[in-house]
Protein chains: 2
Amino acid sequence: MDYSKLNGLIPAVIQDAESLEVLMVGFMNERAFEETRRTGFATFFSRSRGALWTKGETSGNRLEVTAILVDCDDDTVLIKVKRLGQGNVCHTGERTCFFRTLS
Amino acid sequence: MDYSKLNGLIPAVIQDAESLEVLMVGFMNERAFEETRRTGFATFFSRSRGALWTKGETSGNRLEVTAILVDCDDDTVLIKVKRLGQGNVCHTGERTCFFRTLS
């Protein structure tokens, strides 16, 4: 992967493997991406906290990886997941972070 | 939209409105996002060229916007599109930029 374009980060698009809904976009550094592959659960790098976090580590709403796709220029990943726990991905309690449509 | 987290840019996830395939991820600055909304065709900011570009402006494979969704913290957009022209989104000739699966 090419981490050079965003200061060590790549965007990771999280898509529900079954419904194909886009659930969220997070950022991964190399270590977060390795943790995601090693553990099978989506793990991100928090830019505000400067630390790794595994989605759902406290809520239980973890994201189990079912497939990882890499884009043509190696700077973005698309991760297909199964939603665990209550299945809410957004911190607002919605299933997806993309719950608002612009008119 | 909050353009402050990535030096004036937001990631834009492009999803086929019909098949729900994720086709590509690009970046938009405020002007690119306004152009996208004004024209109805996905327009990005090229970080390498430092200029706006409308996807498919030369190939004809433009992306007609059918819906724009905003994420919970206003720093990412999900744009649903109809693929025009030959429908290839990736510069490699593939339909989507995410055509490689990691094992």
Query raised in the report: Which of the lysines could a cross-linker span from B:Lys55 if the Cα-Cα distance has to be under 26 Å and same-chain partners fewer than 8 positions apart are dropped?
Result: A:Lys5, A:Lys80, B:Lys5, B:Lys80, B:Lys82
Report task. Tell me which residues come under 5 Å, amide H to amide H, from B:Thr76 once H is placed; ignore anything under 5 positions away on its chain. Result -> B:Asp71
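Taking every pair of alpha-carbon atoms in the protein assembly as shown, give the share separated by more than 26 Å as a whole percent.
Working: 6006 of 21115 pairs.
So the portion of pairs separated by more than 26 Å is 28 percent.
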Query - Label-point separation in nm, A:Asn88 to B:Lys5, each point 7 Å along Cα→Cβ - result: 1.9
Report task. For chain B, count the residues as N, evaluate 2.2 N^0.38 Å, and divide the Cα radius of gyration by that value, please. Result -> 1.02
Query raised in the report: Once you list every other residue whose beta carbon is under 15 Å from the beta carbon of B:Thr36, what net charge do they have if Lys and Arg are +1 and Asp and Glu are -1?
Result: +2
Report summary line: Given backbone amide H placed at 1.01 Å from N, residues whose amide H is under 5 Å from that of B:Met28, ignoring those fewer than 5 places away on the same chain, are B:Ile10, B:Ala12, B:Phe45
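What value, in deg cm²/dmol to 500, does the helix sum -39500 (n - 2.57) over DSSP H runs of n ≥ 4 give at 222 nm once divided by the residues of chain A? Display every interim value, and only then the final one.
Details: 1 runs with 10 residues, N = 103.
Estimated from H runs of four or more residues: -3000 deg cm²/dmol.
Compare B:Arg31, A:Arg37, B:Arg38, A:Arg47 by solvent-accessible area with a 1.4 Å probe and give them largest first, with all protein chains kept in place.
Values: B:Arg31 150, A:Arg37 115, B:Arg38 170, A:Arg47 90 Å².
Result, largest first: B:Arg38, B:Arg31, A:Arg37, A:Arg47.
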Query - For the stretch A:1-68 versus the stretch B:5-50, the gap between their alpha-carbon centres in whole angstrom - result: 21
Query raised in the report: What's the angle, to the nearest 10 degrees (0 to 90), between helix A:30-39's Cα axis and the longest principal axis of chain A?
Result: 50
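Remind me, relative contact order of chain A in percent, using alpha carbon pairs under 8 angstrom and six or more residues apart?
Relative contact order, chain A: 27 percent.
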Query raised in the report: So what's the net charge close to B:Arg100: Lys and Arg +1, Asp and Glu -1, counting the other residues with Cβ under 10 Å from its Cβ?
Result: -3
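The values are calculated or read from the model by the stated rules, or taken from the named source; none is laboratory data. All values reported here derive from a predicted model rather than from experimental measurement. Note that each Cβ is placed from the backbone with ideal geometry, even for glycine, and that neighbours are counted across all protein chains shown. Accessible surface is based on the protein model in full, side chains and every heavy atom, while ligands, DNA and RNA are left aside. Shrake-Rupley method; radii C 1.70, N 1.55, O 1.52, S 1.80 Å.
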